[in-house]
Amino acid sequence: MQPQFAFDPSDPSFELDERSRARGLQMSMITTPETVRRHPLLSSAEPGVLVGPLFTQAMLIDDLLAVVGGPRDVDGAITAWTSTDPAVVGLVRRIWDHAESLATPINPDGVPPLNRRQVLVARRITLGDTDRAIARALGVSLRTVERDASALLALLGARNRAEAVLLMQGRGSPRG
């Protein structure tokens, strides 16, 4: 359960989550409608996300370990508590199950707006890579990168890449 989730193009969790899923791990996330507004690529980057009301940040691991988000410390760093106590794990499970029952899929039709490569292009655009560098890194043609960038701008309703970057970082206001 992640009430607040922002787009961070340098966050390695995108690739780590993909590797975990490739190893057969089942991973699920529930977030809030506010996160969807602030992270317009979420429906493409994490197409299985559920959206619903949340009041806490928590993680369950194999129904044996609960990680519950705590307050930020004096330096602003995130804190968390962990517990293997069955009573705590059971409570977090019940909160998860209730939140899941109220949530809906981020992509009701099951189809994300952008494909995986387009999300990778978007991440690299946000990091400031040139089209040539993106094409080289992803092993695709320059024309493919240009088409993917155009699809990204269309999805975001952005006039240019600078506006698209602001929107992806949750700092712009989508038109519409």
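Could you work out the helix-only [θ] at 222 nm for the chain, with each DSSP H run of four or more residues adding -39,500 (n - 2.57) and the total divided by the number of residues, to the nearest 500 deg cm²/dmol?
Roughly -13000 deg cm²/dmol at 222 nm, from the helical runs in the chain.
Tell me, what does the Kirkwood hydrodynamic radius of the chain come to in angstroms if you use every pair of distinct C-alpha atoms? It would help to have the intermediate numbers written out before the result.
Details: mean 1/r = 0.0564 Å⁻¹.
Result for the chain stands at 17.7 Å.
Along the charge dipole of the chain, which of PHE5, ILE134, THR56 sits closest to the positive end, that is, farthest toward it, with unit charges on the beta carbon of Lys, Arg, Asp and Glu (+1, +1, -1, -1)?
ILE134
Would you please put 119-125, 27-33 in order of how densely packed they are, using the mean number of other Cβ atoms within 10 angstrom per residue and starting with the highest? The partial results should precede the final answer.
Numbers: 119-125: 23.0, 27-33: 16.9.
For the peptides 119-125, 27-33, the packing ranking is 119-125, 27-33.
For a quick protection proxy, order the peptides 64-77, 35-48 by their average other-Cβ count within 10 Å, most packed first. Display every interim value, and only then the final one.
Working: 64-77: 11.4, 35-48: 19.4.
Highest to lowest by the protection proxy: 35-48, 64-77.
Per the Kirkwood definition applied to all pairs of different Cα atoms, how many angstroms is the hydrodynamic radius of region 94-142? Kindly include the intermediate steps, with their values, before the conclusion.
On the way: mean 1/r = 0.0746 Å⁻¹.
This gives a value of 13.4 Å.
Test of understanding: what is the full-extension gain from ALA151 to GLN169, defined as 0.36 nm times their sequence separation minus their Cα-Cα distance?
Details: separation 18, 0.36 × 18 = 6.48 nm, distance 1.73 nm.
Extra length available between ALA151 and GLN169 comes to 4.7 nm.
To the nearest 20 debye, what charge dipole does the chain have about its Cα centre, counting +1 at the Cβ of each Lys and Arg and -1 at the Cβ of each Asp and Glu?
760 debye
Pick out, from THR32, LEU91, PRO113, the residue whose Cα sits farthest towards the positive end of the charge dipole of region 1-151, with +1 on the Cβ of Lys and Arg and -1 on the Cβ of Asp and Glu.
PRO113
Give me the dipole magnitude in Debye, nearest 20, for region 29-83 about the Cα centre, with unit charges on the beta carbon: positive for Lys and Arg, negative for Asp and Glu.
Working: 3 positive and 6 negative charges, 50 e Å.
So the dipole magnitude of region 29-83 works out to roughly 240 debye.
Multiplying the sequence separation of SER141 and VAL88 by 0.36 nm and subtracting their Cα-Cα distance, what value in nm do you get?
Values: separation 53, 0.36 × 53 = 19.08 nm, distance 5.15 nm.
This chain segment gains 13.9 nm when fully extended.
When ranked by the protection proxy of mean other Cβ atoms within 10 Å per residue, highest first, what sequence do the peptides 86-95, 161-170 form? Write out the running numbers ahead of the final one.
Values: 86-95: 14.3, 161-170: 17.9.
Descending packing order for the listed peptides: 161-170, 86-95.
For region 37-176, which whole percent of the accessible surface, found with a 1.4 angstrom probe, sits on carbon and sulfur atoms?
Numbers: 4590 of 8260 Å².
Result for region 37-176: 56 percent of the exposed heavy-atom area is carbon or sulfur.
Any idea what the dipole of region 34-130 comes to, in debye rounded to 20, about its Cα centre with Lys/Arg Cβ at +1 and Asp/Glu Cβ at -1? Show your work: numbers first, answer last.
Working: 9 positive and 11 negative charges, 87 e Å.
The calculation lands at about 420 debye.
The values are calculated or read from the model by the stated rules, or taken from the named source; none is laboratory data. Everything numeric in this text was worked out from a predicted model, so none of it was measured. Neighbour counts are summed over all protein chains in view; Cβ atoms, including those assigned to glycine, are modelled from backbone coordinates with ideal geometry. In case anyone asks, the SASA skips ligands and DNA or RNA and just uses the protein heavy atoms, side chains included. Shrake-Rupley method; radii C 1.70, N 1.55, O 1.52, S 1.80 Å.
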